[in-house]
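The values are calculated or read from the model by the stated rules, or taken from the named source; none is laboratory data. The shown structure was predicted, so the numbers you read here are calculated from the model rather than taken from an experiment. Positions of Cβ are backbone-derived with ideal geometry, glycine not excepted, and every protein chain shown enters the neighbour counts.
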Amino acid sequence: MSLLVFFTVGLGLWHFTVFFPDRFWGGIVGALVGATVGAVLSGAIAQAASGRSVGETDIATVAFALPGTALGLAAIWLLGARREDAPTN
Amino acid sequence: MGSRRRTYIVLAVVAILIALSALAIVNKPTRLGLDLQGGTELVYQGRATPANPTIEPDDVDRALNIIRDRVDTLGVAEPEISRIGEDQISVGLPEVQNAQQAVEQVGQTSQLAFYDFEPNVIPPDPKLNSPESRPFNRLYDAVKAAQEQEPECFEKNGEPLCTHEGQFYLFDEATLEPLAGPAKVKEDLFFGFEDDKQPPGSIIEEIPQGSVILREEEPPDDLNTEVDESSLTPQGWFLLRDRPELTGDDIRNPEQATDQFTNQPNVTFEFTDEGRKAFQEVTRRIAERGLERSAGALLSAEEAANASDSFAVVLDGEIVSRPIINFVENPSGIDGRTGAQISGNFTIQQAQDLAEFLRIGALPIELSLISQSTVSATLGQQALDDAILAGVGGLVLVILFLLFYYRFLGAVAALGLAVYALFFLAMIKVIPITLTLPGIAGLILTIGVAADSNVVIFERIKEEVRSGRSMLSAISQGYRKGIATIIDANVITLITAFVLFVLATAGVKGFAFTLGIGTIVSLFTAVLFTQAVLAVLGRSHFLNSPRFLGARERRMRTDFDFSGMSRYFFAASGIILLTGAFAFAGKGLNLGIDFESGTRIQTTLSKEVTPDELRVALSDAGIDGMEGAEVQEVQEEDAAQSGFQIQAKILPEQAPDVKPILDEAFGVEDFSNNTIGPTFGEQLAKSAVIALIFSLLVISGYVAIRFEAKYAIPILIALVHDILLAGGAYALMGFEVNSATVAAFLTILGYSIYDTVIVFDRIRENVPRMPRAAFSQIVNRSMSEVLVRSLITGLATVFLLTMILLFGDETLRGFALAMMLGIASGTYSSIFIAAPVLTEWKEREHAYRDRRRQIEETMGYVPVFPEQNVVARLGDGESDDPIAHEPVPQEPGSDVERTEEPTGDSGAYPSQSRTPSQPGRRKQTRRQRKKGG
């Protein structure tokens, strides 16, 4: 159940990326990958660190996915921005 | 073949099929599932035995045949016995309400074993091996003693003799009272406890192979007294070395008889040649031991009886009788030629059943009951009536809606739907399809699919009529353009149905089968048949009047900036999904017994009973797991009766025991129950997830091939959005998720893709027609063209689902609720999630980036629709759109000059002559473009 929560948080937050300039690597789909993978990874790490099982969830479980989503989106955005700024031959 | 000739052939074929269908409907019976006619369904899982360490297909087939023979003795008409997967067997017993008897007769392993008792019994204290000191008073002590024995398995003629490979027991750590067992796997011990986990304060003990713990036989019932002797003397436990001398395979011709001395029912039988030798050998050995012990003393037969050793007859792990071998009467043992008898405290029925089981033979594998459900005939009939009402009501509503909206075309669609209903009903009877509640849900849904095929085509026809085509030409074009969309959408539905049928469990299979068949039939009736009808009527007065077609004017203005506004809808979706995430985390999904395992009972009691009285009666019944039962009162029509829904964690084999208890306490008018064991629940959940993932993969593959890979990703995103949105709503509202919900979710998946494919199909079609438009403009134009269709189809399906919600039973209502959410979400996500994602993604492509830049440089902004590019630039009211449109080729054979209808709404539908010579306009446009950059 916690994986479902993490994924849903990532997907939910991804919807707000349309308000940012589209410089994500791979565009909106790249942003989706960054948000959901980041959410699931950070959620899983935080869940494991808290010593709770995969099925054990509460409201705080949502928070576990937030840093990963932000980091995932930032990483994809930076990657995209660097590629755009790179001089083309 | 000429089109007219083809039309008449289609009509002739339909006429013949209508006649044949009518014949089939009148003459063939409808096969109803257990949920509609009442009956009992048992699902067993095969478990390996030492004799069969792995379950081979042959073992399951032999078990199926033996079960079929056993069911025949129950006198059940048309039982449905089938294999599920590799090692499960489903037994459907129509009209059987006595689930207790069915469970006893169908799945009992009937493993008969004969033990030479004295040399194999291990007493609590080896020094005190008197008959009185042999049983253990507590099971726990017997288990501990068994653990001290060396693991072993004796063989006879190369065959293992032991009856198990190790067994587990669960005890209360403080009192050492048994809580569960024996079980072959530890997890089976925990069923009925919280979360199916080992309860706190309990311990698990395992006994090794080679030892067997058997419950002591009941003392013989004295028929002259009314006292039940077994209740006076507590039964102990024997620990034996697991070395049976004979098994059920060594006997033949078992029959129920009556003991000539006690008048008690017993079972007599003969031995096979091998069994006779083994029987004589073991009884001789027993007699010799008695003789040896008497040390040659001359004893009477009565005196010898007290000193003789015995022979334990064990049936399915319990000693049923322990006859002595009197060494005075039978010094050389007993010659097996005259057969033998099994005596126990049998009733006549029990003795008859045992004889029958021994005659048919023991099951080659051990069967564990993992699911049991009984539906009363009353409840089944009620469910059928409700489903028919919902189906007919839904059909009528859809027809009325189509008539209202499409007028004459609606009448043709109604005719198509009526023919569809007739054909489908005939197919149900001819194939025959067993109609179940989920199957009826699938059937009702296919009415929506059939109606949608017409909606897609009629919207096309109306577009063509508005653009000035003649009716015959519009019909021809409408079907030609619509057919590709319909085939794509229906192939997707068929893929979903196929995946569900192959991977999902029984209830969902029925749904998938009817959905699949219905989709194929609807393709025939909604496309071929209605086209033929319209071709014949194409020259009639009605069809040549746009007023009769509802095509006179566009009622709905759809000049909406879908792409531009999508970010706000995106944000709204994000908020809804985040709310769903909080609901998943905080409340979780309310998984029903289908996944969590347990029992649900619906009963009507003939007395007025309060829930507390019922709770007390259930707690006192002595059934494990009934103490924590949830009891909910249900309104009954008859005020003198009480209706209840009871939910508890009890084992499938215990569920049938509830009915007699309630009947004795309060009188049972009606009783239905559904019990899912933990194994079956896990399997349901697993098959649902596999079906979901597999459907997504196959459908993505299809979309990638038919469209392009980039179209598949937005479809997947929209799907995940819809499933999570519906799931989040379920979590938030606390609605129960059961197998019907899973079927509904999987249908949402099909529906959502269906809807998105129709939108994407129009985008794909418009892309080459608008070679200079920005992708967002193409999407906006495409959406405005298909929005009406999406809304009409959504509304038609909502009508159907409303009828199910109003008239369907609980299962169908749960299904309809999930579908309602899914359809709202599916329609929304096709327009506001899938298409904008595709737009964002495609706009990154160089070609579309260049187009956008070009338009922006020319006009300073990108208009909403492609035709506005020119209108905005010219600003002179003269409207042509060479940037947006390529000239539409003249329809071959058409005698009409095409002219698109002017709407006067900001030039969204500019008038456009399709005559080939317009050099002035083209020149002007080129000049303008050059001027603009």
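Of note:
Conditions tested, residue by residue: (1) under 22 Å from the mean Cα position of the chain (by Cα); (2) more than 22 Å from B:Ala709 (Cβ to Cβ).
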{"position": "B:Ala726", "(1), (2)": "yes, yes"}
{"position": "B:Phe735", "(1), (2)": "yes, yes"}
{"position": "B:Thr741", "(1), (2)": "yes, yes"}
{"position": "B:Val779", "(1), (2)": "no, no"}
{"position": "B:Val786", "(1), (2)": "no, yes"}
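- For region B:418-427, the criterion of being part of a helix (DSSP H, G or I), of a type outside the set (Phe, Trp, Tyr), at pLDDT below 85 and surrounded by fewer than 21 Cβ atoms within 10 Å (Cβ to Cβ) is met by none of the residues.
- Some residue of region B:318-327 being closer than 26 Å to B:Ala63 by Cα and not aliphatic (A, V, I, L, M): yes
- Conditions (1) at pLDDT 80 or above; (2) not in a strand (DSSP E or B): number failed by B:Gln235: (1)
- Every test in (1) farther than 27 Å from B:Thr839 by Cβ; (2) at pLDDT 80 or above is passed by B:Leu684 save one, and that test is (2).
- Residues located in region B:584-599, provided they are more than 20 Å from B:Ala648 (Cβ to Cβ), more than 9 Å from chain A (Cβ to nearest Cβ) and surrounded by 23 or more Cβ atoms within 10 Å (Cβ to Cβ): none
- The residues of region B:322-338 that are out of contact with any Ser or Thr (no Cβ under 6 Å at 6 or more places or on another chain) and in a loop (DSSP other than H, G, I, E, B), listed by number, are B:Pro323, B:Val328, B:Glu329, B:Asn330, B:Pro331, B:Ser332, B:Asp335.
- Checked against (1) out of contact with any Gly (no Cβ under 6 Å at 6 or more places or on another chain); (2) part of a helix (DSSP H, G or I), B:Ala497 passes all but condition (1).
- Any chance B:Ile334 is surrounded by 23 or more Cβ atoms within 10 Å (Cβ to Cβ) and farther than 30 Å from B:Ser453 by Cα: no
- Checking each residue in region B:817-831 for being under 18 Å from B:Thr446 (Cβ atoms) and without any contact (Cβ under 8 Å) to a residue 60 or more places away in the chain picks out only B:Met820.
- Total residues in region B:281-325, condition surrounded by 20 or more Cβ atoms within 10 Å (Cβ to Cβ), in contact with a helix residue (DSSP H, G or I) (Cβ under 7 Å, 6 or more places away or on another chain) and polar (S, T, N, Q): 1
- Filtered residue count, region B:303-317, keeping only those that are touching a Gly at 6+ places or on another chain (Cβ under 9 Å) and charged (D, E, K, R): 1
- Of the residues B:Leu795, B:Leu801, B:Leu806, B:Leu791, the single one that is surrounded by 24 or more Cβ atoms within 10 Å (Cβ to Cβ) and not basic (Lys, Arg) is B:Leu801.
- Selection within region B:254-280: residues that are hydrophobic (A, V, I, L, M, F, W, C) and under 15 Å from B:Ile325 (Cα atoms). The member of this set that is surrounded by the most Cβ atoms within 10 Å (Cβ to Cβ) is B:Phe279.
- Residue under evaluation B:Asp850, criteria (1) assigned by TED's automatic domain parsing to the domain that holds B:Ser573; (2) out of contact with any helix residue (DSSP H, G or I) (no Cβ under 7 Å at 6 or more places or on another chain), criterion not met: (1)
- Of all residues in region B:531-573, those being of a type in the set (A, V, I, L, M), within 43 Å of the chain's Cα centre (by Cα) and modelled with pLDDT of 80 or more number 7.
- Residue count for region B:709-759, restricted to those that are more than 14 Å from chain A (Cβ to nearest Cβ) and over 22 Å from A:Val62 (Cα atoms): 22
- Members of region A:6-35 that are at the interface with another protein chain (Cβ under 10 Å from one of its Cβ atoms), farther than 12 Å from A:Gly80 by Cβ and buried (at least 23 other Cβ atoms within 10 Å of the Cβ): A:Phe6, A:Thr8, A:Val9, A:Gly10, A:Leu11, A:Gly12, A:Leu13, A:Trp14, A:His15, A:Leu32
- Test set (1) closer than 30 Å to B:Arg62 by Cβ; (2) more than 32 Å from the chain's Cα centre (by Cα); (3) of a type outside the set (D, E, K, R) - B:Leu367 fails condition number: (2)
- Verdict on B:Phe498 being closer than 27 Å to B:Phe745 by Cα, among the aromatic types (Phe, Trp, Tyr) and in contact (Cβ under 8 Å) with a residue 40 or more places away in the chain: no
- All positions within region B:824-857 that are facing chain A (nearest Cβ under 9 Å), touching a Lys or Arg at 6+ places or on another chain (Cβ under 8 Å) and either farther than 19 Å from B:Met565 by Cβ or not in a helix (DSSP H, G or I) (or both): B:Glu843
- Complete set of residues in region A:36-64 that are in contact (Cβ under 8 Å) with a residue 40 or more places away in the chain, of a type in the set (Gly, Ala, Ser) and either more than 10 Å from chain B (Cβ to nearest Cβ) or surrounded by 23 or more Cβ atoms within 10 Å (Cβ to Cβ) (or both): A:Gly43, A:Ala44
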